[in-house]
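Before any comments, here is the structure.
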Amino acid sequence: MEVQNPYLPPVTPPEITAASTRAPAPVEHEEVYPELFAPSTGKLILMSLTTFGLYTLYWFYRNWRAIAEHEGESLWPFWRAVFAPLWVFSGFSRLNGYASSRRRQLAFPPVMLALIYFLINFAGNLSVFFPRVVGRNSWVISLLVFLPLLPVNSLMRRYRQSLRMGTAYQDRLTVWHVLVIVFGGLLLLMALAGMFLRG
């Protein structure tokens, strides 16, 4: 049995206040947005033309990779870029969804732009499989594959600006870009000249 010292002052219990009974404030988590790829319009057009449309596949790859990193999913960005005509419907819809969260909207329905992209790819590849039916020059149509990407890319630029991400890094032209533009542009001019000479 514990014996209390009669000479010690009485111990008063701690005062219970409203602050001590208040529940702790919830911790606010800052929302994270994907780092989407949106180069300048001029760069997208120029790189697409001088790479015969390959730069548009790189555009898809960068954005699918950003989506995969943000969502934490195994989306296989490389293969979704390779088979872009099949995955373009899902890709444009997702990109439009991210922009909608920042009150940015496409001027055209994503499905319509995706369908145009699919049809341009289909028409451009007809000369590979049916050269006698459509001729050998229908590949020129595939050079316009960047057109349906322009509204989406413009939307992504407004999305990045709303988040103050900046676009200067993605807009710049490195030495490799310049080399691709020069040599790819020469190949493109030679291909077009050969087509007209044969015609």
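Observations, loosely collected:
- Cβ pairs under 7 Å, 6+ apart, first in region 142-158 and under 14 Å from LEU36 (Cα atoms), second open to solvent by 10 Å² or more (accessible area, probe 1.4 Å) and basic (Lys, Arg): LEU155/ARG104; ARG158/ARG104
- Taken over region 67-108, the residue count meeting the criterion of being farther than 18 Å from LEU150 by Cβ, of a type in the set (A, V, I, L, M, F, W, C) and part of a loop (DSSP other than H, G, I, E, B) is 3.
- Note on region 96-106: residues that are in contact (Cβ under 8 Å) with a residue 60 or more places away in the chain and over 10 Å from TYR159 (Cα atoms) total 0.
- Any hit, region 43-51, residues being of a type in the set (A, V, I, L, M, F, W, C) and either outside any helix (DSSP H, G or I) or modelled with pLDDT under 60 (or both): no
- Region 98-115: number of residues that are open to solvent by less than 70 Å² (accessible area, probe 1.4 Å) and at pLDDT 90 or above: 3
- Some residue of region 124-140 being hydroxyl-bearing (Ser, Thr, Tyr), buried (at least 18 other Cβ atoms within 10 Å of the Cβ), in contact with a Phe, Trp or Tyr (Cβ under 9 Å, 6 or more places away or on another chain) and under 26 Å from ALA66 (Cα atoms): no
- Any hit, region 43-50, residues being in contact (Cβ under 8 Å) with a residue 24 or more places away in the chain and under 17 Å from ARG160 (Cβ atoms): yes
- Subset of region 166-199 that is touching a residue at least 40 places away in the same chain (Cβ under 8 Å) and not in a helix (DSSP H, G or I) - its residue that is surrounded by the fewest Cβ atoms within 10 Å (Cβ to Cβ): GLY199
The values are calculated or read from the model by the stated rules, or taken from the named source; none is laboratory data. Not measured: the values here are computed from a predicted model. Because the Cβ atoms are built from the backbone with ideal geometry, glycine has one as well, and the counts that use them run over all protein chains shown. Calculation scope for accessible area: heavy atoms of the full protein, side chains included, ligands and nucleic acids excluded. Shrake-Rupley method; radii C 1.70, N 1.55, O 1.52, S 1.80 Å.
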